[in-house]
Amino acid sequence: MKKHLYVALASLCVVCGIIGIFVPLLPTTPFLLLATILYMRSSSKLLKWLLNNKYLGPYIRDYFSRKGIQLRMKVRSIIVLWITLGLSAAYATDKLWVRIILAGIGTGVTVHLFIKKTREDSI
């Protein structure tokens with residue numbers, strides 16, 4: 001029963017992580033990392049699928065590895081982050097406090113990405 005619950009939760013996390021790629025307030029990385037951990041405990045087949053996924057696999061493997069994140073992935077992530085946050089701040093809300101929260105989230109994610117080690121082979 002626990003195995004089935006983990007598979008269901010992990011699958012939900014993958015869906016939320018994919019949605020989070022396009023929705024700035026829904027974080028992609030924590031959902032994908034949680035899905036990876038839950039699949040590790042429940043389904044080697046689904047874990048293998050996730051880690052070998054053309055789009056999500058390299059992102060997860062780079063995050064878990066001690067090698068670091070590719071420079072182009074960092075740059076791409078920061079650009080997409082700030083574009084979506086900027087569009088959200090400009091068109092999705094007129095409340096100053098929401099815009100401040102968006103700026104805080106963007107700053108936090110940007111700092112986190114700068115702190116993460118950059119893979120040497122991507123420089």
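A few comments on the model shown:
- Residue within the range 92-105 that is among the basic types (Lys, Arg) and either part of a helix (DSSP H, G or I) or assigned by TED's automatic domain parsing to the domain that holds Ala10 (or both) present: yes
- Hits in the range 73-123 - residues which are touching a helix residue (DSSP H, G or I) at 6+ places or on another chain (Cβ under 6 Å) and without any contact (Cβ under 8 Å) to a residue 24 or more places away in the chain: Ala89, Arg99
- Count of the range 29-45 residues, restricted to those that are assigned to a helix (DSSP H, G or I) and surrounded by fewer than 19 Cβ atoms within 10 Å (Cβ to Cβ), is 8.
- Matching residues in the range 3-34 - criterion: being within 18 Å of Lys54 (Cα to Cα) and in contact with a Gly (Cβ under 7 Å, 6 or more places away or on another chain): Thr28, Phe31, Leu32
- So Ser77, is it of a type in the set (Gly, Ala, Ser), at pLDDT below 90 and assigned to a helix (DSSP H, G or I): yes
The values are calculated or read from the model by the stated rules, or taken from the named source; none is laboratory data. Worth saying up front: this structure is predicted, and the values here are computed from it rather than measured. So basically every Cβ, Gly included, is an ideal-geometry build from the backbone, and we count neighbours across all protein chains shown.
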